[in-house]
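Structure, as structure tokens:
What follows draws every value from the coordinates through simple rules; no lab data is involved. Predicted model only: the values in this text are computed from it and were never measured. Counting neighbours? That spans all protein chains shown, and the Cβs are built from the backbone with ideal geometry, glycine included.
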Amino acid sequence: MPRRPDPSRAAALLLAAVALLLPACGALKRCAYEGVFRDRWQQPERVVADLALAPGARVADLGAGGGYFTFRLARAVGPSGLVYAVDVDPSMVGFLTDEAAEEGLANVRPVLAADDDARLPERVDLVFTSNTYHHLENRVAYFSALRERSLAPGGRIAIIEYRPEVTSHATARKTIEQELTAAGFRLQKSFDYLERQHFLVFTEGVANPEEPAR
């Protein structure tokens with residue numbers, strides 16, 4: 001007669017499997033944010049290099065999530081720089097705090113934001129956001145407030161956002177450009193090597209029709 005499965009043994013095996021997975025991922029939420037094989041299509045090192053961050057720069061990672069870009073940005077600006085890891089999820093802010101300490105990155109400062117306010121404590125040289133733009137409401141007002149209160153003179157906005165043909169959680173490039181223009185920015189540069197996403201960099205001011213974005 002076949003032996004019946006022991007529910008308590010099955011539960012123990014499941015817990016053991018989860019325990020084995022957690023150290024490898026750091027945290028389940030971080031795994032969810034990073035996705036499977038994300039480095040292959042996200043090209044994070046190239047993205048950070050193209051931002052051309054100076055040592056000592058102040059950066060806000062808007063919608064930092066599990067810190068996929070946060071810690072890369074922190075290493076790019078160096079010990080004299082600072083990265084504000086901004087998120088509206090208290091559990092992610094706590095996770096980022098612990099992870100920054102574990103990785104020895106004293107230049108990462110997690111910030112618990114409101115849905116309509118990044119709550120940055122100072123002006124920054126770059127506001128960076130990846131796969132977060134479509135979550136924001138009243139985006140013209142949101143980025144207008146960032147320009148007026150949180151962006152240093154000559155500061156930039158870098159937006160990486162999924163293309164609509166890839167997923168429904170996305171924003172068309174034309175929409176992003178129209179909204180950022182209405183918020184007082186102009187497109188400075190665009191990069192086309194990300195297969196799933198737009199990569200656009202804006203700076204404050206009115207676009208010059210004789211100087212197209214590269």
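Listed from fewest to most Cβ neighbours within 10 Å, the set S91, S168 follows the order S168, S91. For L136, no residue 5 or more places off, or on another chain, has a built amide H under 5 Å of its own.
A simple spin-label model places pseudo-atoms 7 Å from Cα toward Cβ; at D115 and N138 they are separated by 1.1 nm. Amide H to amide H, with H built 1.01 Å from N, Q197 comes under 5 Å of R163, counting only residues 5 or more places away or on other chains. Couplings 3J(HN,Hα) of segment 142-154, computed from phi: 4, 6, 5, 5, 4, 4, 6, 10, 10, 9, 6, x, x Hz, in residue order, whole Hz [Karplus 6.51 cos²θ - 1.76 cosθ + 1.60, θ = phi - 60°; x for Gly and Pro]. Peptides 74-86, 104-116 ranked from most to least packed by the mean count of surrounding Cβ atoms within 10 Å: 74-86, 104-116. Summing Lys and Arg as +1 and Asp and Glu as -1 over all other residues whose Cβ lies under 12 Å from the Cβ of A158 gives a net charge of -2. Among V48, V127, sorting on how many other beta-carbon atoms sit within 10 Å of each Cβ, with the fewest leading, yields V48, V127.
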